[in-house]
1. Please find, within the stretch 84-96, the residue that is surrounded by the fewest Cβ atoms within 10 Å (Cβ to Cβ) out of those that are touching a strand residue (DSSP E or B) at 6+ places or on another chain (Cβ under 7 Å) and part of a loop (DSSP other than H, G, I, E, B).
2. Only one of these is out of contact with any Asp or Glu (no Cβ under 7 Å at 6 or more places or on another chain) and within 14 Å of GLY117 (Cβ to Cβ): ALA100, ALA84. Name it.
3. Got a sec? Which helices (runs of 4 or more DSSP H) wholly within the stretch 13-81 have at least 3 residues that are more than 16 Å from TRP141 (Cβ to Cβ), among the hydrophobic types (A, V, I, L, M, F, W, C) and at pLDDT 95 or above?
4. More than 13 Å from the chain's Cα centre (by Cα) and closer than 13 Å to GLY117 by Cβ, is that true of VAL42?
5. Going by the conditions given, is GLY117 in a loop (DSSP other than H, G, I, E, B) and more than 13 Å from the chain's Cα centre (by Cα)?
6. Every residue in the stretch 59-77 that is within 11 Å of ALA102 (Cβ to Cβ) and in contact (Cβ under 8 Å) with a residue 12 or more places away in the chain, please.
Amino acid sequence: MVPSSAPNYAGDISAAEAWEKLQTDPRAQLVDVRTMAEWNFVGLPDLASLGRRVHCVEWQSFPTGAPNPGFLAEALSLLPDKGAPVLLLCRSGARSRAAAIALTEAGCQQAFNVAGGFEGDRDGQGHRGTVDGWKATGLPWRQS
């Protein structure tokens, strides 16, 4: 686990560490905070092999980027166990970090940011999905 510079959430973990938590802790939940457009056109983590599903709750709305005023209510309704690990994922780790902070402030005790997100950082050619993150790590995902 990468230590967090901010003490107001559980910290940053890699996509591989998130997958391990999902495999070993049946209480762990994955919340993808990207937009509906990203889920539909870029893809989603696939937890079917674990008999689980990813929770999709927008942190910001597409195309305006406006904050989702219902984020906390919607996310908390999907996370009844505030002591369970909550793994937050976005494209690269920025929105999910903000969501981890918000959920921690709302009482979630183990809100982790998946650093690198779903697509990861850009490579030398400016492309995402090849350096780090869920896809580059080779974890299961699907596209609609």
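1. Restricting attention to the stretch 84-96, the residues satisfying the condition of being touching a strand residue (DSSP E or B) at 6+ places or on another chain (Cβ under 7 Å) are 84-89, 93, 95-96.
Checking the rest, the ones that are also part of a loop (DSSP other than H, G, I, E, B) come to 84, 93.
Working: ALA84: 15, GLY93: 23.
Only one residue tops the list, namely ALA84.
2. Values: ALA84 fails: within 14 Å of GLY117 (Cβ to Cβ).
Answer to the check: ALA100.
3. Numbers: elements: 15-24, 36-41, 71-78.
In the stretch 13-81, 71-78 are the helices (runs of 4 or more DSSP H) which contain 3 or more residues that are more than 16 Å from TRP141 (Cβ to Cβ), among the hydrophobic types (A, V, I, L, M, F, W, C) and at pLDDT 95 or above.
4. Details: more than 13 Å from the chain's Cα centre (by Cα): yes; closer than 13 Å to GLY117 by Cβ: yes.
Here the answer is yes, as VAL42 does meet what is asked.
5. Values: in a loop (DSSP other than H, G, I, E, B): yes; more than 13 Å from the chain's Cα centre (by Cα): no.
When the stated conditions are applied, GLY117 does not pass them.
6. Residues of the stretch 59-77 that are within 11 Å of ALA102 (Cβ to Cβ), as a first pass: 59, 67-68, 71-72, 75-76.
Of everything in the stretch 59-77, those that are within 11 Å of ALA102 (Cβ to Cβ) and in contact (Cβ under 8 Å) with a residue 12 or more places away in the chain turn out to be TRP59, PHE71, LEU72, ALA75, LEU76.
Quick grid of which residues meet (1) within 20 Å of GLU38 (Cα to Cα); (2) within 13 Å of the chain's Cα centre (by Cα); (3) hydrophobic (A, V, I, L, M, F, W, C):
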{"residue": "ARG53", "(1), (2), (3)": "yes, yes, no"}
{"residue": "ALA73", "(1), (2), (3)": "no, no, yes"}
{"residue": "SER77", "(1), (2), (3)": "no, no, no"}
{"residue": "GLN125", "(1), (2), (3)": "no, no, no"}
{"residue": "ARG142", "(1), (2), (3)": "yes, no, no"}
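The values are calculated or read from the model by the stated rules, or taken from the named source; none is laboratory data. Owing to the predicted nature of the structure, the values given are computational and were not obtained by experimental measurement. We place every Cβ from the backbone using ideal geometry, glycine too, and count neighbours over all the protein chains shown.
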